[in-house]
Each structure stands twice: as structure tokens, then as C-alpha cells.
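The values are calculated or read from the model by the stated rules, or taken from the named source; none is laboratory data. Owing to the predicted nature of the structure, the values given are computational and were not obtained by experimental measurement. Using ideal geometry, Cβ is built from the backbone for each residue, glycine included, and neighbour counts are taken over all protein chains shown. Areas reflect the complete protein model, heavy atoms only, side chains present, ligands, DNA and RNA absent. Shrake-Rupley method; radii C 1.70, N 1.55, O 1.52, S 1.80 Å.
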Amino acid sequence: MTDNNAATPKPGGKRLELTLRSLVLGCLLAVVFTAANTYLGLLVGLTFASAIPAAVISMAILRVFRTSTIWENMTVQTVASVGGAMSSIIFVLPGLVMIGWWLEFPFWQSVAICILGGILGVTFSIPLRRALVTNGGLPYPEGVAAAEVLKVGSRGAEQTESAVRENKSGLWIVVAGAVVSAGYSLLVAGRVFAGEAAKFIKLPAALGGGATGMGFGMQFALLGAGHLIGLTVGLAQLFGLILAWGIAVPLLTSPDTVTWLTAHGIPSIAATLPAGAHAEQLAMTVWSREVRFMGAGVIGVAAIWTLIKLAGPLVAGLASALAANAKREHGEALDRTEQDLPIKLVGSISVACLIGIAGLLAWFAQTAPALASSTPLLVIGGLVYVVLIGFAVAAICGYMAGLIGSSNSPVSGVGILAIIIASLLMLGVMAIAGVPADPSIIAFALIVTAVVFSVAVIANDNLQDLKTGQLVEATPWRQQTALIVGVAAGALVIPFILNLLNQAFGFEGGPAAIVEGTKTLAAPQATLISALARGVIGGDLRWDLIGLGAAIGLVIIVLDAVLEKATNKKIKLPPLAVGIGFYLPAAVTTMLVIGAVCGWLYDRASRSTRYADVARRMGVLLASGLIVGESLFGVLTAGVIVSTRSDAPFAMLPADTVWPAMLAGVIGFFVLTFGLYRWAITRAAKV
């Protein structure tokens with residue numbers, strides 16, 4: 001046993017929890033994880049929960065203070081993780097550049113959207129704590145894992161020497177994963193390795209004569225993200241991938257289907273392509289402009305279904321929060337672990353944020369000539385929308401985080417639903433006020449949706465953090481204060497990162513990158529959300545595709561329920577994960593599935609050993625390091641591109657070394673993957 005007993009305060013001693021050093025360290029880590037998540041999200045459409053790597057780094061740094069406690073480490077990971085979660089705003093905000101409304105990301109407007117919406121995400125999730133965390137019975141996989149890491153790694157009377165060794169090994173695992181991931185990315189940037197292997201084919205006439213393709217991105221960030229999402233979600237994404245690329249794309253590119261659709265007056269993207277278009281052009285065009293909208297329909301239906309299932313627990317949780325506040329007002333003492341921020345203070349903070357949002361919306365409307373005369377209507381409608389839809393998405397995202405984890409929770413699906421509703425409401429405003437069609441209407445819908453999305457992403461992360469706090473017996477109101485600090489830390493850095501990436505790579509439809517030849521960032525969710533806003537307000541949205549996707553979503557919901565009942569909940573098919581398989585690029589989804597399988601094989605290899613729990617935690621830390629390393633290298637690359645005005649600043653070989661680089665990349669990727677996982681198990685065995 002160690003002699004560290006600072007985790008349990010002595011009688012009359014001071015409980016160290018919300019300290020200056022923990023807040024400062026948390027903010028510094030929030031900047032790092034926000035930058036990493038921003039790049040990863042714009043590259044592949046996924047972000048990762050940073051609570052666990054933040055906790056490990058915190059324990060290693062705060063160990064130099066003999067008075068450090070488990071609760072201080074929890075504060076650090078809370079601030080860092082919520083700051084990193086704030087980066088998910090990139091699923092909406094770049095849409096304003098894509099539609100040409102912004103040429104860059106104005107600092108104060110961007111920060112105001114993030115902070116005002118993010119703090120509402122904190123206040124909206126406070127009354128949900130009892131419903132979804134205390135009484136919800138949800139697994140909260142990442143919250144539980146973070147609590148385990150904190151318990152074994154923080155100073156305390158129960159900490160063993162093996163726990164100290166595990167903490168040190170865990171830090172080395174994170175660092176090694178980050179270094180390998182960044183090093184591999186450097187070789188990809190140098191053209192020594194290829195970053196993706198893909199093959200597109202045209203099917204024989206007997207199979208319809210359509211086109212399809214398959215590939216996988218050789219990116220350690222995707223491997224790590226796949227490890228974190230787990231096998232169930234990974235296989236559900238594989239199911240969505242098969243539906244998209246094994247059925248939908250071949251069917252919609254088949255000459256017979258194209259002929260039938262055209263004959264019945266149904267639009268077909270494939271019919272607009274030149275005769276003899278090669279397989280890649282045909283398959284990718286149909287997938288991006290038709291199949292992904294079907295995925296949006298799947299996700300929208302799944303989000304609505306989640307909200308329906310949540311109605312009862314949400315009402316009960318709100319009633320519980322009000323009852324607890326009534327007890328406090330009548331002088332009844334609440335247990336320290338049940339002390340939220342006072343409901344009146346929560347209400348006051350919420351009102352202050354809504355006033356700020358009203359000011360933001362009014363300023364925007366006044367600066368847009370087409371909207372100036374409708375400012376009062378737009379502001380009132382926008383506030384009602386933020387309150388009603390904001391609280392609903394906070395509940396949905398909190399539930400999804402509790403069910404499948406923050407990294408797995410597809411908040412972008414909620415964003416898709418939110419932009420469709422906002423755009424439809426803007427059509428109503430246009431009809432009432434007689435406002436003509438104008439780009440400012442699309443921009444206003446995107447800004448309101450961005451605020452709601454800020455609420456969603458923060459609620460998605462907050463409840464995971466509050467679960468960690470519950471398991472380590474933290475004080476809720478202190479943790480909720482730390483959450484607000486984390487929102488501010490993440491919000492302040494996002495505009496800088498977005499502007500850097502916008503200059504270096506650019507976004508589809510936005511201003512050109514500062515250097516010709518750089519690969520435009522995919523920003524899949526922002527691309528889809530801005531397209532939805534254009535389609536609804538412009539009147540040319542493919543509702544038939546979204547409706548077809550919604551029908552598929554209903555079938556998947558039924559299938560999921562049947563599987564759960566038939567297998568006693570051993571087999572599941574999360575509809576939201578299936579929807580992700582529809583609209584993420586095939587190369588991304590495939591590597592996520594490979595990562596999920598690798599994580600499962602890794603856990604299985606150590607399941608029967610004495611160090612199984614340690615090995616599982618080491619695997620999570622390795623996955624986190626892989627994500628952080630590649631993502632931070634991507635941000636560094638953007639900075640170098642902007643400063644050197646070179647589209648390939650790290651190039652070591654000419655651009656025509658495609659096949660040798662692809663072969664070298666495949667071999668190198670899988671050798672390094674096997675070596676890292678093997679090393680992680682070896683480290684776990686020595687703890």
C-alpha cells in the first residue's frame with residue numbers, strides 16, 4: 001500500500017475538489033483535445049470522448065502534489081472532456097461557410113454560439129441527472145470506465161503499488177499510441193505510405209450492371225475510434241454499410257433502375273452523369289447525393305424513437321429535481337452527493353443565456369436586409385425553438401450517451417433532425433412575414449441549429465461526466481461548475497482552429513484553400529446539414545429519399561426489438577449506428593468496423609487472465625492515444641501549410657508513387673497495429 005491518503009479527507013480536513021490547479025490543467029487539456037477533435041470531426045465525421053486520457057494525464061501531473069485527490073483529477077477530466085466535446089459544433093458551424101454566408105469564422109459570433117448554447121446544455125442536463133444518471137439504470141460505458149481509471153490511479157488510502165504502476169504504464173501507453181499515430185501520419189503526408197486503399201467496380205449485367213466500391217482508410221485515429229465504439233455498434237455500422245454499398249448504391253446505379261425511375265418521373269442522379277462514367281464517379285455521386293439522405297431518414301426516425309422512450313424518465317427526473325430543491329428551501333439537509341446547483345440559480349443562468357441568444361439572433365436579423373423587418377418574430381420564434389427543441393435534444397443525447405457512450409452517440413443525427421425542423425419553421429416565417437427566398441434565411445436556420453447543437457453536444461458529454469462523479473462520490477454542484485468552465489475553454493479555441501483548417505484545406509462550397517492542391521476537408525455532417533437547409537428552404541429537398549430512409553429506420557427499430565427479445569438482449573442492432581453506416585464514407589466505416597473487431601479480439605485475448613481489467617483499460621488508453629496523435633498532427637499540418645504556402649510540406653516522394661505507397665501502407669499499418677496491441681497486453685501483464 002502507498003502512504004498516499006489524500007483522497008479521503010481527514011476529519012475536519014479540507015476536501016480538495018474544485019481547485020485552481022485542477023481548473024487550469026483542465027483548461028489546458030481542453031485546448032489540446034478540442035483541437036484534436038475538431039480536426040478528426042472535419043476529416044471523418046467522428047469525435048471521441050477525451051475523459052479517460054485526460055484523467056490519466058491529470059493523475060500523472062497532479063501526482064507531484066502530495067495533497068492531490070481523486071476529486072481534483074475528476075475535475076480535470078470533466079473540464080477537459082467537456083471542452084473537447086464542444087468541438088462537435090463543427091458538425092454545423094462550417095455550413096455557414098459552405099453556403100457562402102461567412103468567408104471565415106468570426107471570433108465573437110462563433111464563441112457566443114458555442115458558449116451560450118453550451119451553458120444551456122449544462123443547465124438543461126442538471127434536472128436530467130436524477131432521471132438518467134441516478135435512477136436511469138443506464139450503463140454509461142465511458143463514465144464507468146473513467147471512474148475505474150480514477151479509482152486505481154489517484155492518490156488515496158486504498159491505492160496499491162500495482163495501481164501506481166498501472167497509472168505510469170497507462171501514461172506511456174497514451175504517449176506511445178500518440179507517437180506511432182502521428183509518425184504514421186507523417187509518413188502518409190510524406191507519400192511513403194498511402195492513407196487509403198479503395199477499389200470501385202461495375203457489376204456484371206446479371207447483378208444489375210450497377211457500380212459499387214469498397215475501401216478502408218489506413219488511419220490510426222479511425223482504428224482507435226473503432227476500438228472505443230465496441231463490437232455491437234461496429235457491427236451495426238457494418239450492417240448500414242452493407243445496406244448502402246451492397247444494396248442501395250448498386251441498385252440506384254443500375255441501368256434498369258435508372259430507366260425505370262426516369263420513365264416514372266422520379267429524379268435519378270445517375271441519369272445526369274455522362275454515358276460511360278467510370279465506376280468511382282458513378283458510385284460516389286449516387287452515394288453522396290442520394291444514399292446519404294436515406295441515412296438521414298434512418299437517423300431522424302431513430303432520434304424520434306429515442307425521445308418517445310425517454311418521455312416517462314424525463315418527467316420523473318424533473319419532478320425529482322424540483323422535489324430536492326423544495327427540501328433544500330425548507331431547510332432539509334441533502335446528502336453532499338445529491339447537491340446540484342440550486343434550481344433558482346440554474347434558472348437564472350438559463351435566462352441569462354437566452355437573453356444573450358436573443359441579442360445574437362436580433363443582431364443577425366438586423367444585419368440581413370431581407371430579415372430586418374421580421375426581427376421580433378424571428379427572435380421570439382428562435383428562442384421558443386431553442387428552449388423546446390434544446391431540452392428535447394439534451395434528453396435524447398443524454399440518454400444515447402448513457403446507453404452507448406459519448407463517442408458512439410451520433411449527435412449529428414439530432415442535428416439533422418434539428419435543421420429540418422428549423423428550416424420548415426423558417427418557411428412558415430417566410431409565409432407569415434412575406435419574406436422572399438434569400439441566403440440569409442438559410443444562414444439564420446443554421447445559426448439557430450448551431451445553438452441547439454451546442455446544447456446537444458454538451459448534454460451528451462455532461463451526463464457521462466456526472467456518472468463518473470457519482471461513482472467517485474463527487475459533489476454535483478462543483479462538477480457542474482467545472483462543466484461551465486470547460487464549455488468556455490473549448491469555445492474560445494474553436495474559431496482559431498476552424499480558421500486555420502479553413503485556410504489550409506477549405507470546405508466544399510466555401511472559399512478556396514490558401515494553397516492549390518490541398519485536399520478539401522470532407523466535413524460530412526456539415527455538408528449534409530447545409531444541403532438539407534438549402535433543400536428545405538429552396539423547395540428541392542429529396543423528401544422521397546428521406547422518407548425511404550425513415551421507412552428503413554422503422555424496419556430496423558422493429559428488427560432491433562425482435563433481436564433483443566429473442567436473444568435476451570445479447571444481440572442488438574442500434575438504429576442510429578446503422579444510419580451512420582449509411583452516410584459515413586465507406587473507407588471510414590470499414591476501418592471503424594476493423595477497429596471494433598480489433599478491440600474485441602484484444603479484450604478476448606486477455607479476458608481469462610488475472611490482469612483482464614487492467615488490459616481492458618490499457619486498450620482504451622491506447623485507442624485514445626491513437627486518436628490524439630493523428631488528430632494533433634493534422635492540426636500541425638494545417639499550420640505548416642498556411643505558413644509555408646505548400647500543399648504537401650512533408651512530401652518525401654513524388655505524387656505518382658500510388659501503388660507502392662498503398663502496399664507499404666497496408667503492411668506497415670497492420671504490423672504496427674499488431675505490435676501496439678501486443679505491447680499493451682505485455683504492459684498490462686507487468687502491472
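The Trp108 and Ala651 beta-carbon pair, evaluated with R₀ = 35 Å, returns a calculated FRET efficiency of approximately 0.40.
Atom-type composition of the exposed protein surface of segment 491-544 places 56 percent of the accessible area on carbon and sulfur (1.4 angstrom probe). Measuring nothing but protein heavy atoms, the accessible surface of segment 171-234 at 1.4 Å probe radius is 73 percent carbon and sulfur. FRET efficiency for Lys686 and Leu554, Cβ-Cβ distance as r, R0 = 56 Å, nearest 0.05? E between Lys686 and Leu554, to the nearest 0.05, is 0.65. Solvent-accessible surface of segment 530-687, taken per residue with a 1.4 Å probe and all protein chains present: 46 Å². Modelled this way, with points 7 Å down the Cα-to-C-beta line, the labels at Asn568 and Phe670 are 3.8 nm from one another. Given the pairs Lys151/Lys344; Lys467/Lys572; Lys344/Lys467; Lys467/Lys569; Lys151/Lys686; Lys151/Lys570, which span a C-alpha to C-alpha distance of over 25 angstrom in this model? Lys151/Lys344; Lys151/Lys570, as the Cα separations exceed 25 Å there. Relative intensity of segment 157-270 on a log10 scale, I(q)/I(0) at q = 0.13 Å⁻¹, equals -0.77, per a Debye sum over C-alpha point scatterers of equal strength in the absence of solvent. With contacts taken as Cα pairs under 8 Å and at least 6 residues apart, the chain reaches a relative contact order of 32 percent.
Spin-label model, Leu203 to Ile247: label points 7 Å out along the Cα-to-beta-carbon direction sit 1.2 nm apart.
Accessible area of Ser348 (1.4 Å probe, protein heavy atoms only, ligands and nucleic acids ignored): about 70 Å². Over segment 530-687, Cα pairs under 8 Å with separation of 6+ residues give a relative contact order of 18 percent. With 0.36 nm allotted per residue and the present C-alpha distance subtracted, the Ala512-Leu377 stretch has 45.0 nm of extension available.
If R0 is taken as 25 Å, the Cβ-Cβ distance between Ile432 and Val351 corresponds to a FRET efficiency of 0.40.
Helical runs assigned H by DSSP (4 residues or longer) give the chain a calculated mean residue ellipticity at 222 nm of -24000 deg cm²/dmol, each run adding -39500 (n - 2.57) before division by the residue total. Model label sites at Leu28 and Val597, defined 7 Å from Cα along the beta-carbon direction, differ in position by 4.2 nm. Assign one of three labels to the chain, namely rounded, prolate or oblate, based on the Cα gyration tensor with a ≥ b ≥ c the square roots of its eigenvalues; rounded applies when a/c is under 1.5, prolate when it is not and a/b is larger than b/c, and oblate otherwise. Note, shape of the chain comes out oblate.
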